[in-house]
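Below: one structure, written as structure tokens.
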């Protein structure tokens, strides 16, 4: 086996990737059933002798590419997924060639140097306190885990308990308060942290999914309140400023799950939605959503750097020490890829104005889609304050049939959801690749499919 990567192999990979991206606009967003069945070609018995790398790549492309969801294109509106920006994609390729372990300054001087630069820029565009410490993780679930681990440390330390040294056995109980429309991943995180899914206090929400401050319980003892910036269905924001006022008066910690909603801060026209968010104690967001970097990329930010470091730090005789920021003190991971590279590249390529235009443009597209659906007589169930649209096409069965038929038709991809007990279709506009033409084509496809299913005339 050659000890040097064949340049022709990398050029072939680049050609195949370019062809894949160039063809996205001409293909169905969802793969055909035959293409999915073709994935069987990737299996079978592991050969005794390996294939040439060029043949491995060709098989992956020939069998794998047709069976992908075209989520990097402009007509994918599922799961608040952004398509990867050119600069982030290219930087990610180079970063993969570097093959850096972003564990420490010793294993990757470049990776370790890029992280604080990217964190500084993130805090600027998200309007968060400059003293925050941060961590690059896989996604919002692990970002919430990281931030809430710091919260658990912080609230128990105030009660005189060192949870990192002594665990939860015998510790003062920690109360976790969430809104009734909290994202499901928070319960997973709460369980992982040993805080108990069934011990969570759920606070009623209003018609748009916003936590009702007037319904908050009495806050006594170590308490963490999990607020939401951007409900995954409606896009609504909890009244975070009021929550912080109430929580901090009683010594509670406020964490904000802002997987996509925090990015509203980057667009002046929408920044009012996050008023008061900077008063919280920790935040979680995704870069693979509205910053449009490749999967996977999440960010945890914590005001009290000491709490984050205490919750995540590790030491060993062979590890570097000193004043320089060491990434391994801030994340659950040890060995990991250098995610900061793509975040750095995306922010630098967009600049503040480009990021603001991306967010505002997607929000305007969502409003356009919502208005077109209303004009056609369909019911939009949410106040379209950001980039999320919820629409009903009648009863639950009819709505689900429209969603399934739309996905099969292939012009665009929107997912099903349930909102306040009603089946709905969710449209999430969060890609730099989405154009006005994509929006027009998608509206046309939605209305055509809906008319066929419901028998209506639009």
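The values are calculated or read from the model by the stated rules, or taken from the named source; none is laboratory data. Note that the coordinates shown come from a computational prediction; the quantities given were computed from them, not determined experimentally. Backbone-built Cβ (ideal geometry, glycine too); neighbour counts: all protein chains shown.
Descriptive notes on the structure:
- Selected residue (only one of 379, 371 is more than 27 Å from the chain's Cα centre (by Cα) and at pLDDT 95 or above): 379
- Qualifying residue in segment 338-356 (condition: modelled with pLDDT under 95 and touching a strand residue (DSSP E or B) at 6+ places or on another chain (Cβ under 9 Å)): no
- Enumeration of residues in segment 185-204 that are in a strand (DSSP E or B) and surrounded by fewer than 19 Cβ atoms within 10 Å (Cβ to Cβ): 201, 202
- Filter result for the condition that a residue is in contact (Cβ under 8 Å) with a residue 40 or more places away in the chain and either buried (at least 22 other Cβ atoms within 10 Å of the Cβ) or over 30 Å from residue 282 (Cα atoms) (or both), over 151, 127, 52: 151
- Flag for residue 207 being surrounded by fewer than 22 Cβ atoms within 10 Å (Cβ to Cβ), more than 26 Å from residue 352 (Cα to Cα) and without any contact (Cβ under 8 Å) to a residue 24 or more places away in the chain: no
- Subset of segment 96-107 (residues that are surrounded by fewer than 23 Cβ atoms within 10 Å (Cβ to Cβ) and under 24 Å from residue 301 (Cβ atoms)): 100, 101, 103, 104, 105, 107
- Residue list for segment 223-237, filter: more than 17 Å from residue 390 (Cα to Cα) and surrounded by fewer than 24 Cβ atoms within 10 Å (Cβ to Cβ): 223
- Those residues of segment 272-303 which are more than 15 Å from residue 261 (Cβ to Cβ), touching a helix residue (DSSP H, G or I) at 6+ places or on another chain (Cβ under 6 Å) and assigned to a loop (DSSP other than H, G, I, E, B), in sequence order: 293, 294
- Residues located in segment 79-95, provided they are in contact with a helix residue (DSSP H, G or I) (Cβ under 6 Å, 6 or more places away or on another chain), within 14 Å of residue 339 (Cα to Cα) and crowded, with 21+ Cβ neighbours inside 10 Å: 88, 91, 92, 95
- Qualifying position, being free of Cβ contacts under 8 Å to residues at least 40 places away in the same chain, closer than 27 Å to residue 416 by Cα and out of contact with any strand residue (DSSP E or B) (no Cβ under 7 Å at 6 or more places or on another chain), among 184, 236: 184
- Counting only residues that are free of Cβ contacts under 8 Å to residues at least 40 places away in the same chain and outside any loop (DSSP other than H, G, I, E, B), segment 98-118 holds 2 of them.
- Counting only residues that are without any contact (Cβ under 8 Å) to a residue 24 or more places away in the chain and touching a helix residue (DSSP H, G or I) at 6+ places or on another chain (Cβ under 7 Å), segment 322-345 holds 1 of them.
- Yes/no for residue 179 being more than 19 Å from residue 300 (Cβ to Cβ), in contact with a strand residue (DSSP E or B) (Cβ under 7 Å, 6 or more places away or on another chain) and surrounded by 15 or more Cβ atoms within 10 Å (Cβ to Cβ): yes
- When the criteria are applied in full, residue 33 fails the requirement of being under 23 Å from residue 84 (Cα atoms) and free of Cβ contacts under 8 Å to residues at least 60 places away in the same chain.
- Subset of segment 379-410 (residues that are in a loop (DSSP other than H, G, I, E, B) and buried (at least 18 other Cβ atoms within 10 Å of the Cβ)): 381, 382, 384, 385, 386, 387, 393
- Which numbered condition residue 122 fails, given (1) under 30 Å from residue 272 (Cβ atoms); (2) within 18 Å of the chain's Cα centre (by Cα); (3) in a loop (DSSP other than H, G, I, E, B): (3)
- Residue within segment 46-53 that is part of a helix (DSSP H, G or I) and over 28 Å from residue 404 (Cα atoms) present: yes
- Residue pairs whose Cβ atoms lie under 6 Å apart, separated by 6 or more positions or on different chains, with the first residue in segment 405-433 and at positive phi and the second buried (at least 17 other Cβ atoms within 10 Å of the Cβ) and part of a loop (DSSP other than H, G, I, E, B), are 410/28; 410/29; 410/30.
- Residue within segment 424-433 that is farther than 21 Å from residue 205 by Cβ and assigned to a helix (DSSP H, G or I) present: no
- Any hit, segment 135-147, residues being surrounded by 23 or more Cβ atoms within 10 Å (Cβ to Cβ), part of a loop (DSSP other than H, G, I, E, B) and at pLDDT 95 or above: no
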